[in-house]
Amino acid sequence: PGLFKCAASIAGPADLVELLKDERNLMSAQRSNDYEYWRVSIGDLGRDDAAIEAVSPTRLADRITAPVLLIHGKDDFIVRARQTELMARALQRAGKSHEVMLIDGGDHSLNELTDRRAAYRRLDAFLARHLGGPP
């Protein structure tokens, strides 16, 4: 708190416990590597819950003091848009300044040029408002 004038997240994980639960529930033969990646990167559900919760942005929303921009493609299958929705709800409950941009058809990397341009325009305007400089 107090270090940053603003923050932005593009397709970021926000509630790590929920991310692990979602990945575990979606796990199939093709997706077992996806869950394993998250489990190794974040921790084991049931064993590491307290440590995972301690670093989950949604659980720390009340400590955020800077305005936040959340951008996410609705068709992101790597980090689902639900993560941005959970973060937006946590910020709303905490009474924190935030903006949300959900992009119809957008994937995790915003590979479509129109999606990427729209996201960067929104990010540029957000940064200009909070950091100064040209819009």
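Quick notes
- Computed accessible area, T65, all protein chains, 1.4 angstrom probe, square angstrom: 90 Å²
- Folded to 0 to 90 degrees: helix 16-26 orientation relative to the chain principal axis, Cα: 50 degrees
- Overall, the ratio between the Cα radius of gyration of the chain and 2.2 N^0.38 Å, rounded to two decimals, is 1.11.
- Accessible area, probe 1.4 Å, largest first, for residues L113, L69, L45: L113, L45, L69
- Heavy-atom surface analysis with a 1.4 Å probe gives the chain a carbon and sulfur content of 53 percent of its accessible area.
- Cα centroid of region 34-93 to Cα centroid of region 1-23, whole Å: 4 Å
- For region 6-111, the residue among M87, A61, L20 whose Cα projects farthest onto the positive side of the dipole built from Cβ charges is A61.
- The angle between the Cα long axis of helix 82-93 and the longest principal axis of the Cα atoms of the chain comes to about 60 degrees, rounded to the nearest 10.
- Farthest toward the positive end of the dipole of the chain, out of N111, H130, A7, is the Cα of H130, where the dipole comes from beta carbon charges about the Cα centre.
- Using the Cβ-Cβ distance between D49 and R129 with R0 = 41 Å, the FRET efficiency computed as 1/(1 + (r/R0)^6) comes to roughly 0.65.
- Tilt relative to the chain, helix 113-131 - C-alpha long axis, 0 to 90 degrees, to 10: 60 degrees
- Legend: P(r) of region 55-96 from all alpha carbon pair distances, 5 Å bins from 0, whole percents, reading 5, 25, 31, 22, 12, 5.
- Theoretical ellipticity at 222 nm over the chain - DSSP helices of four or more residues, -39500 (n - 2.57) apiece, nearest 500: -14000 deg cm²/dmol
- Where the chain is the region considered: accessible area per residue in Å², 1.4 Å probe: 59 Å²
The values are calculated or read from the model by the stated rules, or taken from the named source; none is laboratory data. Keep in mind that this is a model prediction, so the values were computed, not measured. Neighbour counts are summed over all protein chains in view; Cβ atoms, including those assigned to glycine, are modelled from backbone coordinates with ideal geometry. For accessibility, only protein heavy atoms count, side chains too; no ligands or nucleic acids. Shrake-Rupley method; radii C 1.70, N 1.55, O 1.52, S 1.80 Å.
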